[in-house]
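The values are calculated or read from the model by the stated rules, or taken from the named source; none is laboratory data. The model shown is predicted, which means the values in this text are computed figures rather than measured ones. Reconstructed Cβ throughout: ideal geometry from the backbone, glycine too, with neighbour counts over all protein chains shown. Note: areas computed on protein heavy atoms with side chains; ligands, DNA, RNA excluded. Shrake-Rupley method; radii C 1.70, N 1.55, O 1.52, S 1.80 Å.
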Amino acid sequence: GNHDYGNIHDNNQLYKLLRMHKGYYSFSRGKWLFVMLNTNDIASYANINGTAKETELSVVLQKIKDSGQNGASYNGGISQEQLLWLEEELKRAEKESLNTLIFTHHPLYVVKGLSAPNDVEIVEIISKYSTVKAVISGHHHAGAFGVFKGISYITTEGMVETESTNAYGLITVSPSKIILEGKGRTKSYTIPLTKE
């Protein structure tokens, strides 16, 4: 998340520290595709000065200024390059009949003011693919839940306010449902995938 970028001047160094091979990626398990988006891809804190992403950020920030929302310096979004990659991944999931679960740091829906600056554009792409079953995010420490065009958007509670407990969840997927079993202050959710 955005807090991971403190005192980091090289994104590749950060990914190495977090044992990530790159900022965004996907992997498959059985009939499921798990997509890890990097909503820190275009952000004022994300070491993009002097890169093409700096120009993208200025365009996004102007849109934010015009619309009056999501402009906080701790919010980040995804680049056009990553948007194209996401759509290719979702096309592949559709072609291979894979259920898809998407993870982000910044919420894409429900949490206005703390969501990714280009959340509407991201959600428009996600909404075109019925293979997407849920999007799970963080960043908004209070947590939130909403459904848009049949896709569940879960924002899990933050770990920051957990001095005497913890906050995390375990996800179980099956052909019929997704279960997020919350631990500590994290809420639990069951998302049915078939009509019972």
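Out of the range 81-133, which residues are assigned to a loop (DSSP other than H, G, I, E, B), touching a Ser or Thr at 6+ places or on another chain (Cβ under 8 Å) and not aliphatic (A, V, I, L, M)?
The answer is 97, 104, 105, 106, 107, 109, 129, 131.
Which residues, taken from the range 76-101, are farther than 15 Å from residue 28 by Cβ and either surrounded by fewer than 21 Cβ atoms within 10 Å (Cβ to Cβ) or touching a residue at least 60 places away in the same chain (Cβ under 8 Å) (or both)?
76, 80, 81, 82, 83, 84, 85, 86, 87
Say whether the condition of being more than 27 Å from residue 87 (Cα to Cα), assigned to a loop (DSSP other than H, G, I, E, B) and open to solvent by 80 Å² or more (accessible area, probe 1.4 Å) is met by at least one residue in the range 139-146.
No, that holds for no residue.
Does residue 95 satisfy being touching a strand residue (DSSP E or B) at 6+ places or on another chain (Cβ under 6 Å) and among the charged types (D, E, K, R)?
So residue 95 does not fit the description; no.
Collect the residues in the range 151-188 that are closer than 15 Å to residue 99 by Cβ and open to solvent by 60 Å² or more (accessible area, probe 1.4 Å), keeping them in residue-number order.
171, 172, 175, 177
If you scan the range 102-128, which residues turn out to be more than 20 Å from residue 171 (Cα to Cα), open to solvent by less than 20 Å² (accessible area, probe 1.4 Å) and not aliphatic (A, V, I, L, M)?
Within the range 102-128, 115, 118, 119 meet the criteria.
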